[in-house]
Amino acid sequence: KMSSGAADLRQRKKQNCTESDKMAPEERNKENSKLGRSPKYMLIQRFAKLFFGCLAAVTSGMMYAVYLSTYHERKFWFSSRQELEREITFQGDSAIYYSFYKELLKAPSFERGVYELTHNNKTISLKTINAVQQMTLYPELIASVLYQASGSEEVIEPVYFYIGIVFGLQGIYVTALFVTSWVMSGTWLAGMLTVAWFIINRTDTTRIDYSIPSRENWALPYFACQVAALTGYLKKNLNCSAEKFCYLLVNASTYTFVMMWEYSHYLLFIQAVSLFLLDSFALAQTEKVHEVYRIYLFSLIVGYLLQFENSALLVSPLLSLVVALMLSKSLQMNMKKSTFVSRLLKIMYIYLVLTVAVTLNFLLKMFIPHKENEHLLKFIEVKLGLNTTKNFTMNWLLCQESLQAPSQDFFLRLTQSSLLPFYILVLIICLFSVTQVIFRRICGEPLKETVKLEDGRIGERPEIVYHVIHTILLGCLAMCLEGMKYLWTPYVCMLAAFGVCSPELWMTLFKWLRLKAVHPVLLALILSMAVPTIIGFSLWKEFFPRIMTELTELQEFYDPDTVELMTWIKRQAPMAAVFAGSPQLMGVIKLCTGWMVSSLPLYNDDDLLKRNENIYQIYSKRSAEDIYKILTSYKANFLVIEDSICNEVGPVRGCRVKDLLDVANGHVVCEEGDNYAYSKYGRFCHEIKMNYSPYVNYFTRVYWNRSYFVYRINTVISFQS
C-alpha cells in the first residue's frame with residue numbers, strides 16, 4: 001500500500017508539472033495576443049529582465065563583499081600589520097576557530113591534521129577533545145582544503161584567504177536576500193532596496209564587524225540561500241524545471257547549513273513551525289511541505305552520522321516535530337474539503353502533532369544520553385523567571401548584552417532608516433490579508449488557482465504567508481534576546497522591500513479602502529515604483545555620505561600591551577607551559593603562541609563551563625591557598641591577571657565579573673536594600689600584587705605591563721613569612 005501511495009504521489013506531481021508547463025505558455029499567449037505582442041518579443045523581454053536582475057543581484061553581493069574588505073582594512077590596517085598584530089584582532093571564540101585553521105595548514109597532510117583535531121590533547125590541559133565535533137570546525141576544514149588545493153600558498157597569505165571566504169559568503173548572503181525579495185515582488189527594484197537597508201542597518205543585521213570567524217557568519221548565508229529556494233519552491237504554478245531546481249537547492253543548502261552551525265537545527269525548527277502552520281490552514285500544497293520535512297529528516301540523519309554521532313541532533317525539537325508531522329499525515333486526507341468533519345480533523349491534527357512531538361522529544365531525551373545544551377534550558381528557565389540561581393556561569397550569561405532585551409537604540413536606528421515603519425505597514429497588510437484567507441477557508445471557500453493583481457488577495461500566496469509567519473516568530477525571539485536580531489533584521493529588510501515594491505500589496509490595501517476616484521490597479525503600479533524610488537533617494541542622500549566616510553576614515557586598532565604579552569610568552573615561556581586566566585584571553589594566547597591553556601571561551605560543554613568558573617576565582621575574595629589548589633589541579637604553570645577585569649567599572653554594578661563571583665561564593669551581605677561584599681580574604685587579584693606572604697609563597701611575578709600581570713605558579717612552596 002505504501003509503495004502504491006508513493007507511486008500515486010509521484011504520478012500526481014508529474015501530472016501537476018506537465019499541466020503547469022502546458023498551462024503557463026497558453027495563458028501567456030492569450031495575454032500577449034490581447035496586448036498585441038508577439039511571443040518572440042515577450043521572450044526577449046523576459047530574458048532581458050532576468051539577465052539584468054541576476055546581474056544586479058550578483059553585483060550587489062560582490063560590492064558588499066568589497067565594501068566589507070575595504071572597511072576591515074581601514075579599521076585594522078591589516079596590510080601594514082605583522083602576523084601577530086593581525087591575529088590579536090581575532091578575539092574570544094574567533095581566535096580559537098582561526099587557531100585550528102592554522103594548525104590544519106601546518107600539518108604534514110590534511111588527513112594528519114584532521115586526526116590531530118579529532119584527538120586534540122594540545123589545546124586544553126588534562127583534556128582530550130574532538131575539536132571538529134565540539135566546535136563545528138567544518139568551515140576550517142573546507143577553507144584549508146581550498147587553500148591548499150587551489151595552490152594559493154604562493155599567491156595569498158592564509159589569513160587573507162580565510163577572511164576573504166567569509167566576506168565572499170556575506171556577499172552570497174546579500175545576493176540571496178536580493179533574490180528572495182525579487183521572487184516575491186516580481187521586480188529586482190525590491191532586491192536593490194533590500195540590499196540598501198541591509199547595509200545601512202549593518203550594526204543590526206550582521207556581527208561580521210566584531211567576529212569574522214563566528215559560526216553564524218559561515219552558516220547564515222546558506223540559510224539565506226535555502227530561504228530563497230524555499231520561497232520559489234512554495235510558489236503556485238511553478239514550471240517543472242524551476243521547481244526541481246528550487247528543490248535541489250533547498251536540499252543542498254539545508255544540509256550545508258546543518259553542518260556549519262551547531263545551533264542550526266533550532267532555526268530550522270522555527271522554519272518547520274512556520275511551514276506546519278502554513279499547511280495546517282491549507283494555504284500551501286501539502287506534497288511540497290512534506291517534501292521539505294523529508295529534507296529536514298535527511299539533513300539531520302546525515303548530519304548525525306558525519307558529526308561523529310552528534311546526539312544533540314537526535315534530541316532536537318526539529319526531529320521530534322518532523323517525525324510527528326509525518327506520523328500524523330494520514331489525518332490530512334480530507335482536511336482540505338470544506339466540511340464540518342474536515343474542520344474537526346484540522347483541530348485534531350494540530351493537537352495530535354503537538355502532543356506526539358512533545359512526547360517523542362521527552363522519550364528521546366530519556367533514552368539517548370546527551371549533555372548538549374542542558375545549560376541552554378537552565379538559562380531559559382532563569383530568563384523567564386521560572387527559577388533563580390546564584391550560579392556564576394548562568395548569571396554571567398544573563399548579563400551578556402546579546403542575551404538582554406533589545407535596547408531603545410535598536411528600534412531608533414531601524415526607524416531612522418525608515419525600515420521599521422515600512423515593515424510594520426507591510427506586516428499589518430499581509431497579516432490582515434492572511435487572516436481573511438484563513439477565515440474564507442474555514443467558511444468553505446476554496447483558494448484561487450491563480451491570483452491576479454486586480455483580486456487584491458496577497459494573503460493567498462503561500463510564499464508570502466510563510467514569510468509573514470517566519471518573521472513574526474523570529475521577531476518574538478528578537479524582542480526577548482538582542483542577539484536574535486541578527487536573524488530577524490535581514491528578513492525585516494527583505495519583507496519591507498518586497499511590500500513597498502509589490503503592486504499586489506498596494507492593491508490589497510486599495511481593495512479594503514474601496515477606491516473609486518482613481519483606478520486602483522493603475523495607482524498600485526505607480527506606487528510600487530514611486531515609493532521605493534523615493535525611499536532609495538532619501539537613503540542615498542542621508543546614508544551614502546556616512547558609508548563613504550567609514551571607508552575613507554583611517555581608524556586605528558592597536559593593543560601594544562597584548563602584543564608585548566604574546567611576544568614575552570613566545571620568547572620566555574617553556575614550550576610545555578600551561579597558562580591560566582580569563583577564557584577570552586586564553587583563546588588569544590592559544591592562537592598567537594600555540595601554548596596550551598587551561599580554559600577556552602566555549603559554552604557548549606559542562607566541563608569547560610566549570611573550568612571557566614573555577615579559574616575566574618582569581619578575581620574573587622578567596623585565599624591564596626584555594627587559588628593555588630584550583631590552578632594546580634589543571635596543571636597550570638603560569639597565571640595571567642588582567643587589570644581590566646580586576647579593576648572593572650561596569651555600567652551595571654551587579655554584572656561585573658567580581659560581583660558575580662561574590663554572589664556565587666556567598667560573599668554578599670544584604671542590609672536595608674544595599675549589598676555589601678564580605679570575606680575574611682581580600683580580592684585575590686589585588687592582594688597578589690602586594691608581594692607579601694602567603695601570596696609570594698605560591699606565586700612569583702615574572703612579567704607585567706599596564707594591562708597584564710604574569711605569575712609563575714611555584715612547584716616548591718616556602719611557607720616562611
Between the helical axis of 606-615 and the dominant principal axis of the chain, each derived from Cα atoms, what acute angle in degrees is found, rounded to the nearest 10? 40 degrees
If one computes the Cα centroid of region 564-599 and of region 381-421, what distance in Å separates the two points? 33 Å
Tell me, how many Å apart are the Cα centres for region 64-85 and for region 86-147? 23 Å
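Sort the following peptides by mean Cβ neighbour count (other Cβ atoms within 10 Å, averaged over residues), highest first: 590-601, 683-694.
590-601, 683-694
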Put +1 on the Cβ of each Lys and Arg and -1 on the Cβ of each Asp and Glu in region 560-713; which of Val710, Ile569, Pro583 then has its Cα farthest toward the positive end of the dipole? Ile569
Given the peptides 173-184, 101-112, 246-257, arrange them by the average over their residues of other C-beta atoms within 10 Å, most packed first. 173-184, 246-257, 101-112
Protection-proxy order for peptides 491-503, 695-707, 635-647, each taking the mean of Cβ atoms within 10 Å per residue, highest first: 491-503, 635-647, 695-707
Taking only protein heavy atoms into account and a 1.4 Å probe, give the accessible area per residue of region 560-713 in Å². 43 Å²
If you line up the long axis of helix 240-260 against the longest principal axis of the chain, both from Cα atoms, how many degrees apart are they, to the nearest 10? 10 degrees
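Count the DSSP beta bridges whose two residues both fall in the chain, then state the antiparallel fraction as a percent rounded to the nearest 5.
Values: 15 of 20 bridges.
Around 75 percent antiparallel, to the nearest 5.
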Please turn the phi angles of region 92-109 into ³J(HN,Hα) values with the Karplus equation 6.51 cos²θ - 1.76 cosθ + 1.60 (θ = phi - 60°), one per residue in order, whole Hz, x for glycine and proline. x, 5, 4, 5, 5, 4, 5, 5, 6, 4, 4, 5, 4, 5, 7, 5, x, 8
Picking from Ile618, Ser644, Thr549, whose Cα lies most toward the positive end of the charge dipole for the chain (charges on Cβ: Lys, Arg +1; Asp, Glu -1)? Thr549
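Based on DSSP H runs of at least 4 residues, each adding -39500 (n - 2.57), what is the mean residue ellipticity at 222 nm of the chain after dividing by all its residues, to the nearest 500 deg cm²/dmol?
Values: 33 runs with 480 residues, N = 721.
Taken over the chain, the calculation gives -21500 deg cm²/dmol.
Roughly what percent of Cα-Cα pairs across the chain reach past 41 Å?
Numbers: 100948 of 259560 pairs.
Percentage above 41 Å: 39.
Grab the beta carbon distance between Tyr351 and His119, set R0 = 51 Å, and tell me the FRET efficiency rounded to 0.05.
Values: r = 48 Å, r/R0 = 0.94.
Efficiency at R0 = 51 Å is approximately 0.60.
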Region 593-669 - Debye-derived log10 I(q)/I(0), Cα point model, q = 0.11, 0.14, 0.27 Å⁻¹: -0.31, -0.51, -1.44
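Of all the C-alpha pairs in region 347-466, what % are more than 23 Å from each other? Working shown, then result.
Numbers: 4616 of 7140 pairs.
So the portion of pairs separated by more than 23 Å is 65 percent.
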So which of Lys635/Lys658; Lys452/Lys541; Lys365/Lys629; Lys49/Lys235 end up more than 27 Å apart by C-alpha? Lys452/Lys541; Lys365/Lys629
The ratio Rg/Rh over the Cα atoms of region 46-115, Rh being the Kirkwood inverse mean 1/r radius, stands at 1.21
Share of Cα-Cα pairs in region 542-617 beyond 20 Å, in percent? 50 percent
If each Cα of region 210-261 is one equal point scatterer, what is log10 of I(q)/I(0) from the Debye formula at q = 0.20, 0.22 Å⁻¹? -0.65, -0.72
Can you compute 3J(HN,Hα) from phi for each residue in region 48-65, using the Karplus curve 6.51 cos²θ - 1.76 cosθ + 1.60 with θ = phi - 60°, rounded to whole Hz and x for Gly and Pro? 5, 4, 5, 5, 5, x, 5, 4, 5, 5, 5, 4, 4, x, 5, 5, 5, 4
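Treating only the Cβ of Lys, Arg, Asp and Glu as charged (+1, +1, -1, -1), what charge dipole size does the chain show about its Cα centre? Round to the nearest 20 debye.
On the way: 71 positive and 62 negative charges, 461 e Å.
Taking the Cα centre of the chain as origin, the dipole is about 2220 debye.
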Using the Kirkwood formula on the Cα atoms of region 560-713, what hydrodynamic radius do you get, in angstrom to one decimal? 16.1 Å
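Using only alpha carbons, build the gyration tensor for region 475-571 and give me the equivalent ellipsoid semi-axes, biggest first, whole Å. The partial results should precede the final answer.
On the way: eigenvalues 476, 79, 13 Å².
Taking √(5λ) for each eigenvalue gives 49, 20, 8 Å, largest first.
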Dipole check, the chain, charges on Cβ (K,R +1; D,E -1), about Cα centroid: among Ser598, Ser152, Pro532 the Cα furthest to the positive pole belongs to Pro532
Placing unit charges on C-beta atoms (Lys and Arg positive, Asp and Glu negative, everything else neutral), compute the dipole magnitude of region 83-179 about its Cα centre in debye, rounded to 20. 300 debye
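The values are calculated or read from the model by the stated rules, or taken from the named source; none is laboratory data. All values reported here derive from a predicted model rather than from experimental measurement. Note that each Cβ is placed from the backbone with ideal geometry, even for glycine, and that neighbours are counted across all protein chains shown. Please note that ligands, DNA and RNA were not included when accessible areas were found on the heavy atoms of the full protein model with its side chains. Shrake-Rupley method; radii C 1.70, N 1.55, O 1.52, S 1.80 Å.
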